[in-house]
Amino acid sequence: MKQTIKLFLFIFLLTAFISNTFAGDGEDVRALVDKSAEAFNKQDYTTYWSLFTEDNTEFLYVGSTLRHDAAAWKGFIEGTAGLAYVNYHGQDFEIQTYNGNSAVVTSYYTFSWMEKGGQMNYQSGRTTVVAVKQGGKWLIAHMHFSKMF
């Protein structure tokens, strides 16, 4: 009887440990996505770029080709500094983690911006983010934006 109780406790503790480890990954990935949106909206590019792999890639909205060159994405993002207002907002997140070192995040987004002296512009759609864990830190490796049909 004592052996059965000990075995049950061991299995319970092991299951709890594994569940908490992988549940934490999902929370960490969500924090990464939230922090990237917050840094973008504040135009805090130093923080924003610290959240990406050096070889990140992107598919921008409609009709855009794959950006293999992270410098091109950097130029696009930092070009928003010339706007009077920018705001990116994600919602309805689904986060899938794999093996504790990769994750796929899907969501819907709205993006609004205003050129200096201009009118407000709006864009909405779907986004997919691929995150990887490098050196114990979650980073964004790829982003894909698509229009809602």
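Things worth noting here:
- The modelled label-to-label distance between Phe59 and Ser102, using points 7 Å beyond Cα along the C-beta direction, is 1.7 nm.
- ³J(HN,Hα), Karplus 6.51/-1.76/1.60, whole Hz, each residue of region 40-56, x for Gly, Pro: 4, 5, 8, 6, 8, 5, 4, 5, 4, 5, 5, 9, 10, 5, 5, 10, 4
- If the segment from Asn41 to Gln134 were pulled out straight at 0.36 nm per residue, it would be longer than the present Cα-Cα gap by 31.0 nm.
- For Tyr98, neighbours were defined as the other residues whose beta-carbon sits under 12 Å from its Cβ, and their charges (Lys and Arg +1, Asp and Glu -1) total 0.
- Checking every one of the trypsin sites (Lys or Arg not before Pro) in region 36-100 against DSSP loop status and a limit of 14 other Cβ atoms within 10 Å picks out Lys42.
- What the phi angles of region 108-115 give under the Karplus curve with 6.51, -1.76 and 1.60, with θ = phi - 60°, is a coupling list of 9, 9, 10, 10, 10, 7, 9, 6 Hz, glycine and proline written as x.
- Of interest is the spacing of the C-alpha centroids, which for region 97-141 and region 23-93 amounts to 6 Å.
- Placed amide H near Thr57: partners under 5 Å, 5+ positions off or other chain: His142, Met143
None of the figures in this text is laboratory data; all of them are computed from the coordinates on show. Since we're looking at a predicted model, the values are computed, not measured. Methodologically, a virtual Cβ is constructed for each residue, glycine included, from the backbone with ideal geometry; neighbour enumeration extends over all protein chains shown.
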